[in-house]
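Novice: Just passing along the structure, written as structure tokens.
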Amino acid sequence: MRNEQENKNGALHGGVDSTYAWTRLVLALILSTIGGVGMWSVVVALPAVQAEFGVARADASLPYTLTMLGFGVGGIVLGRMTDRFGILPPVIIGVACLASGYAAAASASTLWQYSLAHGLLIGFGSSSTFSPLLADTSHWFARRRGIAVAIIASGNYLAGALWPPVVQHFIETNGWRQTLFGIGIFCAATMLPLVLALRRRAPTEHDVDSAAWRDTTMRSRPLGFSPQALQTLLIVAGACCCVAMSMPQVHLVAYCGDLGYGAARGAQMLSLLLGCGIVSRLIFGWISDRIGGLRTLLIGSSMQCFALFLFLPFDGLASLFVISALFGLFQGGIVPSYAMIIREYFSPKEAGMRIGIVLTATMVGMALGGWISGVIFDLTSSYRAAFMNGIAWNVVNMAIAMMLLGRSRKKQWLVSSGW
């Protein structure tokens, strides 16, 4: 009776799993969708920027690489800030960086100026609407944490589904400089009111979190590793899966242009891929609530590897649309599973920082993969070897996931046997 009354009081006062928590989740999703433009505008603008500055494909991929690095650093710095001060300060900083970054990129006279604007400002600012929001959201849910984290993580993909066609349209009609300047104004005008609505601090620590952490993570060697070793393995796994993931996401627009289908078709495929990624994240979020983060990671990684293989024998227009959809459906649940794993095996008080660190590794993987794919294309004049490179990195991720899952099963067996 006492627990039931506490749950009713929590729902009434806007606590964990309350109606307020779900309302807050919707607002955070909108905020994430708008702020996620920083990851995708640079991809769509790649062909136009390459043509204006007259550089090779690898050089034109540099802004994306620096964007991902800035996104990763921002995830750690702003994630730690979220742990200490709540979500309001880091997102306000992010909005300021986005607005000034797009203004600087729009007025850049060299590729280096354009690249630095993306890395130091746009990527850093955009990160405020990813890992900090993921960590903040995880504190507001217990029973449905997996689906809640998946929903907020879908903001990144929803941005990828909505922004590329919009950005491509305005680039074709107004040019890339005017388009970027307009994006900066839009971000400032819409994101500030949203973040002010989220200014309430998350619950510090509730009974479900405390019990779950005492049962698992508070032990000195989760899964038989030290916390530092487990964190390192998750960092490596995150980087590897996203090197593989970046190949289609970064170069799909350019790939379609090389095949003669045009950049507009490539933008449509990218939008389809990321739209299916939203569905994937929701499905895998529901799954992770039932089977845990490690199993979800392994399933998603294996399916992503299969989808990458499909790009090798098929390059027809219809085939690429189908494969792009499958790739989105298969890989969308991978990144949110890391947040679930961290919440299962580490202290909730460190969620923002640790999630930020692992998601930074995924961004480094995206940055590295995008750049390596451009280099491979310049060396071979083909994306075939780049796809094979992505598959190799994906296999490493699968191996780590299988090892951690094996350790988890062994530990469960020992506990059930009384050891």
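The values are calculated or read from the model by the stated rules, or taken from the named source; none is laboratory data. Since we're looking at a predicted model, the values are computed, not measured. In this analysis, Cβ positions are derived from the backbone assuming ideal geometry, glycine residues included, and neighbour counts consider all displayed protein chains. In case anyone asks, the SASA skips ligands and DNA or RNA and just uses the protein heavy atoms, side chains included. Shrake-Rupley method; radii C 1.70, N 1.55, O 1.52, S 1.80 Å.
Novice: Among Leu297, Leu272, Leu310, which is in contact with a helix residue (DSSP H, G or I) (Cβ under 6 Å, 6 or more places away or on another chain) and open to solvent by less than 10 Å² (accessible area, probe 1.4 Å)?
Specialist: Leu297
Novice: Still on this model: Is at least one residue of region 109-130 assigned to a loop (DSSP other than H, G, I, E, B), open to solvent by 10 Å² or more (accessible area, probe 1.4 Å), of a type in the set (S, T, N, Q) and more than 30 Å from Ile147 (Cβ to Cβ)?
Specialist: Yes - at least one qualifying residue is present in region 109-130.
Novice: Starting from residues that are open to solvent by 60 Å² or more (accessible area, probe 1.4 Å) and over 19 Å from the mean Cα position of the chain (by Cα), keep the ones in region 393-408 and report whichever is farthest from His251 (Cα to Cα).
Specialist: Arg407
Novice: Does any residue of region 226-249 turn out to be over 22 Å from Gly72 (Cβ atoms) and either part of a helix (DSSP H, G or I) or without any contact (Cβ under 8 Å) to a residue 40 or more places away in the chain (or both)?
Specialist: Yes, some residue in region 226-249 is over 22 Å from Gly72 (Cβ atoms) and either part of a helix (DSSP H, G or I) or without any contact (Cβ under 8 Å) to a residue 40 or more places away in the chain (or both).
Novice: What's the total number of residues in region 176-196 that are within 14 Å of Ser32 (Cα to Cα) and either open to solvent by less than 20 Å² (accessible area, probe 1.4 Å) or not in a helix (DSSP H, G or I) (or both)?
Specialist: The total comes to 3.
Novice: In addition: I'd like to check something: does region 398-409 contain any residue that is part of a helix (DSSP H, G or I), at pLDDT below 85, within 21 Å of Ala148 (Cβ to Cβ) and hydroxyl-bearing (Ser, Thr, Tyr)?
Specialist: Checked region 398-409: no residue is part of a helix (DSSP H, G or I), at pLDDT below 85, within 21 Å of Ala148 (Cβ to Cβ) and hydroxyl-bearing (Ser, Thr, Tyr).
Novice: How do the pairs read when you match residues in region 376-400 that are without any contact (Cβ under 8 Å) to a residue 24 or more places away in the chain with residues anywhere that are surrounded by 14 or more Cβ atoms within 10 Å (Cβ to Cβ) and not in a helix (DSSP H, G or I), using Cβ under 8 Å and keeping only pairs 6 or more apart or on different chains?
Specialist: Ile376/Tyr383
Novice: Looking at Ile342, Ile334, can you tell me which residue is at pLDDT below 90, of a type outside the set (Ser, Thr, Tyr) and out of contact with any Lys or Arg (no Cβ under 6 Å at 6 or more places or on another chain)?
Specialist: Ile334
Novice: Residue by residue through region 265-297, note down the ones that are more than 19 Å from Ala159 (Cβ to Cβ), of a type in the set (Gly, Ala, Ser) and assigned to a helix (DSSP H, G or I).
Specialist: Ser288, Gly293, listed by residue number.
Novice: Quick one: how many residues across region 298-347 are assigned to a helix (DSSP H, G or I) and either more than 23 Å from Leu405 (Cα to Cα) or out of contact with any Ser or Thr (no Cβ under 8 Å at 6 or more places or on another chain) (or both)?
Specialist: Qualifying residue count for the region: 26.
Novice: Report, by residue number, each residue of region 85-108 that is open to solvent by 50 Å² or more (accessible area, probe 1.4 Å) and within 19 Å of Thr360 (Cα to Cα).
Specialist: Ile93, the sole residue that qualifies.
Novice: Kindly indicate whether any position in region 373-390 is under 30 Å from Tyr345 (Cβ atoms), open to solvent by less than 70 Å² (accessible area, probe 1.4 Å) and either within 22 Å of the chain's Cα centre (by Cα) or of a type in the set (Ser, Thr, Tyr) (or both).
Specialist: Yes, region 373-390 contains a residue that is under 30 Å from Tyr345 (Cβ atoms), open to solvent by less than 70 Å² (accessible area, probe 1.4 Å) and either within 22 Å of the chain's Cα centre (by Cα) or of a type in the set (Ser, Thr, Tyr) (or both).
Novice: Here's another thing I want to ask about it. It is to be established whether one or more residues within region 81-101 are touching a residue at least 60 places away in the same chain (Cβ under 8 Å), in contact with a Phe, Trp or Tyr (Cβ under 8 Å, 6 or more places away or on another chain) and hydrophobic (A, V, I, L, M, F, W, C).
Specialist: no
Novice: Give the residue that is farthest from Ile183 (Cα to Cα), with candidates limited to residues of region 69-115 that are out of contact with any Lys or Arg (no Cβ under 9 Å at 6 or more places or on another chain) and of a type in the set (Phe, Trp, Tyr).
Specialist: Trp112
Novice: Output the number of the condition that Val149 fails; it satisfies all remaining conditions of (1) in contact with a helix residue (DSSP H, G or I) (Cβ under 8 Å, 6 or more places away or on another chain); (2) open to solvent by 20 Å² or more (accessible area, probe 1.4 Å); (3) more than 14 Å from Ile87 (Cα to Cα).
Specialist: (2)
Novice: Let me ask something else. Which one of these does His169 not meet: (1) of a type outside the set (S, T, N, Q); (2) buried (at least 24 other Cβ atoms within 10 Å of the Cβ); (3) free of Cβ contacts under 8 Å to residues at least 24 places away in the same chain?
Specialist: Every listed condition holds for His169 apart from (2).
Novice: Please return the ranges of helices (runs of 4 or more DSSP H) entirely within region 13-70 where 1 or more residues are crowded, with 23+ Cβ neighbours inside 10 Å and modelled with pLDDT of 85 or more.
Specialist: In region 13-70, 19-35, 37-44, 46-53 are the helices (runs of 4 or more DSSP H) which contain 1 or more residues that are crowded, with 23+ Cβ neighbours inside 10 Å and modelled with pLDDT of 85 or more.
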